[in-house]
Structure formats: structure tokens, C-alpha cells
1. Would you point out the residue of segment 300-314, among those that are surrounded by 17 or more Cβ atoms within 10 Å (Cβ to Cβ) and among the hydrophobic types (A, V, I, L, M, F, W, C), that is nearest to N250 (Cα to Cα)?
2. Check A622, A658 and return the single one that is farther than 23 Å from A570 by Cα, surrounded by 17 or more Cβ atoms within 10 Å (Cβ to Cβ) and touching a residue at least 12 places away in the same chain (Cβ under 8 Å).
3. Could you pull out every one of the helices (runs of 4 or more DSSP H) wholly within segment 70-142 that has 1 or more residues that are surrounded by 17 or more Cβ atoms within 10 Å (Cβ to Cβ), touching a Ser or Thr at 6+ places or on another chain (Cβ under 6 Å) and of a type in the set (G, A, S)?
4. If a residue has to be part of a loop (DSSP other than H, G, I, E, B) and among the charged types (D, E, K, R) to count, how many in segment 324-363 make the cut?
5. Within segment 888-905, can you find the residues that are surrounded by 16 or more Cβ atoms within 10 Å (Cβ to Cβ) and in contact with a helix residue (DSSP H, G or I) (Cβ under 9 Å, 6 or more places away or on another chain)?
6. If I193 satisfies all but one of (1) part of a helix (DSSP H, G or I); (2) surrounded by fewer than 19 Cβ atoms within 10 Å (Cβ to Cβ); (3) touching a residue at least 24 places away in the same chain (Cβ under 8 Å), what's the number of the condition it fails?
7. Quick check on V760: is it of a type outside the set (S, T, N, Q), under 38 Å from the mean Cα position of the chain (by Cα) and assigned to a helix (DSSP H, G or I)?
8. Out of (1) surrounded by 15 or more Cβ atoms within 10 Å (Cβ to Cβ); (2) outside any helix (DSSP H, G or I), what's the single condition that is false for T232?
Amino acid sequence: MEEILDFSKDLDVNLLDTVVNRFYTGSGKDQQLAQQILTQFQESDETWAKVDKILETSKLIQTKFIGLQILEKLIQTKWKVVPKEQQNGIKNYIVDTIIQSSTTEQSLRENKVYISKLNLILVQLLKQEWPDNWPTFIPELLSSSKTNIYLCENNMEILKLLSEEVFDFSAEKLTQSKAGELKLRMTGEFSEIFQLCIEIFKNAMQPSLVRATLETFLRFLSWIPLGYIFETDFIEDICTRFLDPRETRNQVFKCLTEISAFQVEENYQPKMVSIFTIAMGALEKTLGSMTDFKSQWDDLDIDEQELIQNSVHFLTSYLGNQLSLVEAYADMKLVLTAHEYLIQIMTIDDNEIYKVCLEYFHSFIKNLYEGSRSINQTGLLNLGRTPKQSRHLMYESVLSTLRVTLIDTMAKPEEVLIVENEDGEIVREFIKETDSLVLYTSQRECLVLLTHLNSEDMENIMMAKLSHQLDQSEWSWNNLNSLCWAFGSISGSMNEDQERKFLVVIIKGLLGLCELVKGKDNKAVVASNIMYVVGQYPRFLKAHWKFLKTVANKLFEFMHELHPGVRDMACDTFTKISDKCKKHFVVLQQDESIPFISEILANIDSITSDLEPQQINTFFNALGRIIESQNNPTVRNHLIVELMRIPNLTWDEILQTAMKDQTLLDKIETNKALLNVLKINVSACEPIGSSFLPQLAHLYLDMLGIYSELSQRINKELSTNGDIAARYSNVRAMLSVKREILNLIEVYISKCQNTDLNAVYQNIIPPLFDTILPDFLSSAPSTRLSNILTCLSSVVKVLGEMLADQIYTIFDSAILPTLNMINKDFSEFPDHRVAFFSLLEQLSTKMFRSLLTLPSENFKLYIDSIIWGFKHTTRDISEMSLVICYELVNSFANSDPTAANFFFKTYFIHLLQDILYVLTDSDHKSGFNSQCQVLLRLVQIVQSPLLTAPIYDSSQNFSSNTEYVYKYIIDLISGAFPNLNHVQVEGFVTDIFELSADLNVFNSAIRDFLINLKCFSGDNTELFIAERERDVSARKESERLAASKIPGMLKPSEMSDDL
């Protein structure tokens, strides 16, 4: 088989077929050998010259595709270095092969996949050659299209691919100048393409040709001048001939959908309105006969289902962009009918269709709401005049139907923790469905807006549905769930008085239903709905103390339910209520003898008696939130003592028993008990913050003593049984206790105020460092906890330069041992890896001055670690390391000139070289923006007067640092990419020096260069990650600001406690 790698001989295509066949059908060593040979064959620089023979004589389609892949790679990456004569030969061969394969219907259909690949390769070639070296391509293509209908059909596919490459994907695959040139040329030659398309629309009888032309024209619609659409017979031609036939109607609706998105001038508006009228006439013929979309959907064939999908896209696009136009000039009955179709289609069990409809209705309702609010606001200024009628009144029947549909199809909110599984059983949910949460958010916002438009209708619909649940005429889990999720979703959208009456009826009804239904699962469903609803109405609970207390006691009752999902939800709901109503728990309410928090703490043992450890942690976290709101320090400290009374008793009991028999610390049960107590402390400390100090002091020295004792026992296990002992269950239990001790200390320190820092530094840090750092250094890598690094990061972040005297200890005991663990590869010890670079980041930002005191060899290791970090392909680590690098470079740029000159003389070229390495490596595309930031800063620094000493060797003949770095980058890139000529490299380096004043322009220049290199010839979307993330962030902030202005649009959990 290796003979195919001998390129001095003619290629034996039969042998190549044998190798390919063994790769696809063989197994074991034969298959591996075939794969190895094929890989070498494809990577050889001489293989492309054999492609014509492969395509002409191979009997295997897989072999032909390998030949096509070789050809495609050549065109994408090495085309410019192929001699002109051979370029022309390849070009002619591709064109001839496409023509031969697509001149008959049989050949076109049988070789569809093969021809599609050839078409793609031709388009890649066009991106290199057209228009400069192949100016006649489009005229030649159009001319050949008139000779053969099947060739014409394939030519349409080529034009479609070319349009996509030039207008849809060019930003990520072509330089800006090249993309602009191709767009200009294609637009200039479009009139000839248009004439061919119109001729086909008027005269063609072959359905496949019409479909191909419609699909191609669909790609043109986004960029051609509107005159081609509205000043010609195009719309009439496609609607008259192709809107009704099954073979073409879906493609026509796609074209109409694209056209409907255009904002047109007044002279085009009549034709835009006629599109709606014609399309609705066609839809009434097909959809008008359907009475129940939901039940009939499964009986439809694929074409009919596709028609409904395309109808949805057309209606939502048209109404979303042209609604005001058709309200003014079209038959209003048609407009209402279009909305009714969409609502009926929403009942189909198809998530994608539902989401498209919901997105439209969200925008539609929001527009109606803003219009009604605008009228209400201006109405006050129009005293004595007839008020303008709100638009939403025209759609009242549509909106009422929509309310019912949304309520019936509500998705599950994230707060609901129990679900129905595939076997029809109610179980606890363990994995959140992201799609469902996104859907719920959109539905919730729609219902809030619909409530604002007509709260009485919303209330009447919900009350009618509730009555059917209470009399059990429509009782089902699904019906009750969707109704209650809708109840909870409109919190805050009614006025307080209406909401109070509404909510009292709902909660009383649900409490009565809870007593009425029988069976564990039924009660679990009702309980979960009660908890969800009350959790969404903190405004009501704050205003009605008796109701709040009743709800809290009901939650305590649910904490004893047998169903674990109900207990989980009871704890979560109590946390939510505690967060929003916490001050009401700590003050003495009317007709009460003590604050409710004191009553809860007195009965905490019985309340939590049936809860699992994680549920107890959630409950203590909720109580911590309440206690934190007590402003009186003395009372707050007393409440903390009461809160931690039972955990402290358990802790003291374990310690006393362990002192008598230390072997108990080897037992899993003992460590689990310790772990539970520590987790309770962490849960309480998180909300209480620095006020937790007395409780921490009660445990602190004992915790560190246990930490040391467990470390000795772990080391003993490892010395006896080797590294495998780290996996033993008793060792894992001991490690968990150590981990939680570190977690508690980290949480407390991270919550400290400035007034606490001296006490923390003097009392907490010395014993902590004396315990954990020697232990980390002496432990085996398999039992070193990444939490130590995380804890150190928090300590450094809070105390900063107060730890200056500890920098050597931190470096020797934490940095160096961890570095030796993670520097072997890019993947082992992932948790330590992330924590390590997080610690480096804190050291750079909070202890920069202390870093300068490190010995030179340690400081070099520190810099090397940062460089090692941004060479990772894991995005979070590489991004973090690039941020560290950027901040460090800035810190030195702003530091003492002596330190700056020394640093940049020592490390500037080192950093520059490695930044350029990751910048031009396709595996590191995701860090593009941060890489450019670092490179830009380095270029700015070398051009500034900041550096007063040369960073090059004095024996080198340079007049400035700028000249030296300029020459260095040119030499580095030329050496790395020999396929680039000197003019290209020098032009790029000149650009990065001249464009260093603006990051966006700088990024664009580098992006163009990388695309030109062809080292990023594949998917380059990651080069645009920063821009996309920035846009998403800005959009979310804008949406939140807009939502905050609409009562009820923000969920209670997203609002300030004071609102």
C-alpha cells in the first residue's frame, strides 16, 4: 500500500482505491495503516498533480472525494504559488468536469453530492481568480445556461454559492478589500443574471429548474437594488405561476418572506401590500380548511408541514415589518385572520414553530403596549379633545385568544423543581432545560404586557381556568402547572388592590386543592405550584404579615413532605421569600410576642428534622439572609449564636469523641458529620458576612487542628498504599473536610470589610499560612487541593500589599509546586490550573510591588507561567493569562523608569514572539481580541518615549527600539511563513505600527492579514467573538433598562429588595 507514496512513479489509482476501501471497511491494524498512508498522501505537496487522474479513473466515490479535498486545500492555501500554466489547467479541468457531469438529468441526479463538492471548489477558485484573472466568468456561465436546462440548473447552484460566499460569509473568510471588490463586481453584472432568472420564471416548465432558480434568487434578494423587485414583473411572475403548485410554493414563500423584511419607499408600498393580499389568498386555500392544527399536524405530509413552517416565517416577517402599512391600506379582516392563523399554529407540538410565533407576538404586543401607554400619557395634555383610540382595541379578540393559548402552553420556570418523567411519574429535576427557561422568559414577558393591555380579561380567563381545576372538570397535572406558572409570571403587572384580591383567591383555592387531592404525586404537583406562586409575589407578602407568616409555616410543613423535590422547592422558596421580606422576620410584628425569626430559631430542630444535608444548608442560608438584615449588632450576634447552636453542639461532640479516640477521624461517618457542620457554617457565613467572626472564632483553631490531623492521616495512607490511596473512599472523605475548611475561610475573608482587614491579617492569616502552605508543599500532587490556591487568591485580593512579607512563602509553597504539576501538558489537573492562573492574576493586580522583590529566577518563572497560560487552547485560561499579561505590561509601563527599562529589555521580545505565535496559530483563534490588545500595547510602548534604554544588544546596529522591533517582526513572520513575499510582510508590519492608535482598526488590519495567510482558512467566527460578546452584553443591558420601566416585566428575584 505504501507504493502510492512514491511520487516518482505514476499513481496506481486501483491501489489507491484499495487503500481507501480498507480505511472505510477494514478494521484493526489494516485500517490504522490505511489511515496513516492516506494522511501522508493527502499532506504531500505533490499529490495535487495526481487529482485529475484520480477523478477520471477511480471507481470509488470516497477516493474521488479525497481527490477533491486535496484540490480544495490547494486552492485555499497554496494557490498563489502554483505556476500560472498549472492554474489555468486546474481551472479548465474543474469547469469541464462540472459540465460533463451536469448536462443530463440522470447524471445531475446520480452525481448530486459529487457535483455539489465540485461547485464548492469552483467557488473557492473564483474567490482567488475572479474578477481580475477571470473577468468573463459570469457571461460564460450565463451563456452556457441557455444551452441546456440541466446545466442551467447546476449553474444556478453555482451562482447561489457565489452569492453566499461574497455577501453572507465574506466578513469571516475574505479581507475587507477583497470582499468589497467581489460585491461591487457581482452587483455590476447582476442585470444579466436577472434577465436569465426572469426568462426562467416566465417560460420554464421544469419544476427542478424553477426551484433551483427561486432558491438562488432568494440569496440575491438581500443585496440587489429594490428596483429589480418592485419595478419589474418579478413578484407577479412568481406569484402567478408558482405560488399555488406544490412543487414550488415553498420556495415562493421563502422569497416573499425575504422581501417582506424590506422597508420600502412610498411608490413601492402598493406592491408590498399586494404581496400580503396575494399570499393570504393562497394561505386561505390551504390553511383555511384546517380546523385543528394541533391534531391534524401529524397527518400532514412533509411538503404540507414545510408549507406551514414557511407560512409562519412569512406572516411573522411580514407583519413584523409591514403591520402599520397593511393596517392602513389592506383589508383589516385579512390582518386579523393572519394573526388568528399564527395563534392556531402555535398549538402545534413543534418547538421551533412555537418560538418563531412567540417572538413575533412578543414584539407585536410590546408595540401595542407602548402605543397605549403613549396615548395614556398624551391624553392628559389633550383636555377637551376626543381621545385617540388605542390600536390594541382593534385586536381585542386576537389578544384574548392569545392569552388563552399562552396560558395553556406555559413552559416550566426555573424555580419549579419537580417534573413529570417519561413514565408519567412526578420526580425531582436534576438538569435544567435551557431552552425551556428561555421560552418561559419570553412567554412571561408576553403575559405581563397582555395583562397591562387588559388586566380584567386576563383575570377572567385565569379565574375560569382555576375554577375548572377546583371542580376537577379539567384537572390534570399539565393544566394545573401551566395555569399556576402563568399566575406567577404576571406578578407586579396589576395594581396592588387588584393583585391582592386576585392572589388571595388563587392561594386559597390552591391550599384547598392541596387538601382535596389524594396521592403523593398529586399533592407534590399542587404543593410545587403553591410554592412557585407565593414565591413570585413578595410585594403582596410584604404588605400582609399574617399571610406571609401563614405561607412560611406552610413551607415548613412542606419541608416534611415525603417527595424530595417538594422539600427542595420548599427550601428554595423560603430562601426567595427570606431574601425579599427579610426585615419583616426580624422586627416585632403587631399581635406577636417575639420576632418571627426567634420563633423559627427556637423550632429549627423540628423544622429541619426531615431535610437532607443540602436542604439544611439552603435553609441555613435563608436564615442567614434574615439575620444579616438585623441592624442591631448585639441582637444580630445573639441570633447567630441561636442559629449555630445545634451545629456547634454537633461539632463539639465530634471533637470531644475524637480526642478520646483519634482513629474516629479515619472513619467516613465522622468526616461526613464534620463536613455537614462545615457546610452549614459556609451557608450561613455567605449572607451574614463579617458579622460571622465570633462563630468562625469558635471553630477556627479546632478547624486548623483537624486540617493538620487529616493531612497526616492522608499522607500515611499514601505512603502505605501509594497514589491509588487518593481514590479510597475514606481518603476522599478526609479531603472533602479539608476542602470545606478552606471554603469557609475563603468565604469569610471575601466578605470582610476594610475595617476588618488588620484583625484578619493579625489573627487569621498567620495560623492559616502556617497550616495550609507547608501541607500543600509536602502533599502528593494527587491530594493537593486546588482550594488552597483559590483561598490564597481571595486572601491576596482582600489584603493585597499587606501580605508583602509573605510573597516568598506564597511563591515557594504554592506557585512552584503547582507549576510543577501543570507544566507537563495543557490538560492535567484542570481545577489547579484555573486556580493557579487566578492566583497569578491577583498577585499581578494586588501585589505588583511585592512581585518586584522576587529573585530574578522566580520572577522569570512568573513571566514564563503567564506565557504558558496564554498558549493554552482552553479559552478561560488563555483569556485570563492574556489579561494578566496586559495588566502586567501596563503596570511596568506606569512604574519607575528604571524598573520599566529593565523589564522590557529582558522580556519585551520574549512576550512579542509568543504573542505573535498564538496570534497566528489557528488553535488560539478564540483569544484574538485579547492577543491584539497585548500586541497593540507592546507596539505603543516601543514607539513611546517611555523606554529610555535600548531593548536590543548594544552590538546591533539600530537607531531606535522602534526600528529594531520593526525589523524583528518582519524577520520573524518571514521565517514562519515563507509563502509570503517581502512586500506583504512589510506592508503588514507597517500597518500595525501606523494603526496602533485605534484598537478596532488595529484588529481589522490583523484579521485581514490572518485571513490572507490562509492559516485560518476554515471557520473564522472565533476571530469575531469579542465583537459578538460586546453586542450581546449591550443588548442585554438595553433590554433590562427597558424592562425596568414596565411594571411586572422584571421578575421579583431580579428587582431590588426595596422595590
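The values are calculated or read from the model by the stated rules, or taken from the named source; none is laboratory data. The model shown is predicted, which means the values in this text are computed figures rather than measured ones. Here Cβ is always computed from backbone atoms with ideal geometry, including for glycine, and neighbour counts include all displayed protein chains.
1. Top of the filtered list is L307.
2. Residue meeting the stated conditions: A658.
3. On the way: elements: 84-101, 105-110, 112-129.
Counting at least 1 such residues, we get 84-101.
4. 3
5. L888, V889, S891, F892, A893, A900, F903, F904
6. Of everything listed in (1) part of a helix (DSSP H, G or I); (2) surrounded by fewer than 19 Cβ atoms within 10 Å (Cβ to Cβ); (3) touching a residue at least 24 places away in the same chain (Cβ under 8 Å), I193 misses just condition (2).
7. Values: of a type outside the set (S, T, N, Q): yes; under 38 Å from the mean Cα position of the chain (by Cα): no; assigned to a helix (DSSP H, G or I): yes.
It is false that V760 is of a type outside the set (S, T, N, Q), under 38 Å from the mean Cα position of the chain (by Cα) and assigned to a helix (DSSP H, G or I).
8. (1)
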